[in-house]
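Chemist: Dumping the structure here so I can ask a few things about it.
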Amino acid sequence: MITADLIRALVPALTTARAAEVASALAGPAARAGITTRARVAAFVAQLAHESAGFKYLEEIWGPTPAQRRYEGRADLGNTQAGDGYRFRGRGWIQLTGRHNYRTYGGLLNLPLEAQPDLAAQPGTAARIACAYWDQRKLNALADAGDFAGITYLINGGTNGAADREAYHRRALAALPESAPTPRVFLRDMAGNNVVWDGKPAVYNGTRLSLYPDGALQLERTE
């Protein structure tokens, strides 16, 4: 569902080539993270468009501003060594910030982000980080519930840029076709309880479950 046409609908000033680069980087990781419905895709690309100033920047512009100076020494960001504020400045489509986050998402993705923070500014890596962050914060559930403000809070820690984010969100929704209702599939866990499948690709009892971009359920035997 993430295409060059969608990216250009959000940011008409982007060249076709740039929009295609962004879409190509995001499409695969987003699908693997279950970002496959109109509501989820619209919320996802809108937030990333804001964070990257319209998919223009993969690295925070450094002044340093007073706010950027305050990155230095912030224990909540894991910036415990001299120079960490600049070293672990915002990078990627979702502006990963702070030594702690670079270490965490490097571990999740098996990437040396803490040792090589510039990797986070590469389009493919930036896409994987954004999708991992989205998945870890369980933002698909908020998108399903229509809680765009809640998504903003979990990404930003407040409401900074809310109007701009919402404008991107409206454009994304207008550009995306209506999704078929996501099927509710119940899977039995190890304790024998029925749980609702979260829509992310999974293998259950020898069957691979995944969703087509229009929300239709796909079943494929793996044995």
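Chemist: If a residue has to be more than 16 Å from the chain's Cα centre (by Cα) and free of Cβ contacts under 8 Å to residues at least 60 places away in the same chain to count, how many in the stretch 1-55 make the cut?
Modeler: 12
Chemist: Shifting gears a bit: Of these, Ala127, Ala121, which one is within 19 Å of Ala31 (Cα to Cα) and touching a residue at least 24 places away in the same chain (Cβ under 8 Å)?
Modeler: Ala127
Chemist: While we're on this one: Could you check, for the stretch 109-125, whether at least one of its residues is assigned by TED's automatic domain parsing to the domain that holds Leu26, more than 19 Å from Arg38 (Cα to Cα) and of a type in the set (Val, Ile, Thr)?
Modeler: Yes - at least one qualifying residue is present in the stretch 109-125.
Chemist: Restrict the check to the stretch 66-78 and report whether at least one residue is in the same structural domain as Gly34 (by TED's automatic domain parsing) and under 29 Å from Ala4 (Cα atoms). Step through it out loud before you land on a result.
Modeler: Initial filter on the stretch 66-78 (in the same structural domain as Gly34 (by TED's automatic domain parsing)): 66-78.
Next, only the ones that are under 29 Å from Ala4 (Cα atoms) stay: none.
Scanning the stretch 66-78 turns up no residue that is in the same structural domain as Gly34 (by TED's automatic domain parsing) and under 29 Å from Ala4 (Cα atoms).
Chemist: Moving to a separate point now. Among Gly54, Gly124, Gly63, which is assigned to a helix (DSSP H, G or I) and of a type in the set (Gly, Ala, Ser)? Before the answer, list the steps.
Modeler: Values: Gly54 fails: assigned to a helix (DSSP H, G or I); Gly63 fails: assigned to a helix (DSSP H, G or I).
After applying the criteria, what remains is Gly124.
Chemist: I need a count of the residues in the stretch 172-187 that are surrounded by 11 or more Cβ atoms within 10 Å (Cβ to Cβ) and at pLDDT 80 or above.
Modeler: Of the residues in the stretch 172-187, 5 are surrounded by 11 or more Cβ atoms within 10 Å (Cβ to Cβ) and at pLDDT 80 or above.
Chemist: Filter the stretch 38-64 down to residues that are at pLDDT 95 or above and β-branched (Val, Ile, Thr) and give me whichever is nearest to Glu178 (Cα to Cα).
Modeler: Going through the qualifying residues, I end up with Val41.
The values are calculated or read from the model by the stated rules, or taken from the named source; none is laboratory data. Just so you know, these numbers come straight off a predicted model, no measurement behind them. Please note: Cβ atoms are built from the backbone with ideal geometry, for glycine as well, and neighbour counts cover all protein chains shown.
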